[in-house]
Amino acid sequence: MSKELDLSLENIAKINDEVQAQNKDLYAFLKDEFSDISVEDRLKYLSTILNDHFEDYEFDNKDEYSVDGYIVKRFYPKGIKS
């Protein structure tokens, strides 16, 4: 039984607000919050959030990690990463 992704503007805005209220990078938050979905589906959430709310995040081109064969950049809510 596969969980349906909700990529609606309202849900993406809600998730973005939750990410902004904590101090983890975006993918780490999604991994904790959506541990029951596939890496690919988490990456769909990540890309949709960044597409709609990119200005809310900062990143360092060298700050990344590997997740099941994918290279994931760490995007932090602005003001969190020093």
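Summed over qualifying helices (DSSP H, 4 residues or more, each -39500 (n - 2.57)) and divided by its residue number, the chain shows a 222 nm mean residue ellipticity of -13000 deg cm²/dmol.
The convex hull drawn around the Cα atoms of segment 9-77, when projected onto a plane and averaged over every direction, covers 4.4 nm².
Read the figures in this text as sums done on the coordinates, not as results from a lab. All figures in this text were calculated on a predicted structure; none of them were measured in a lab.
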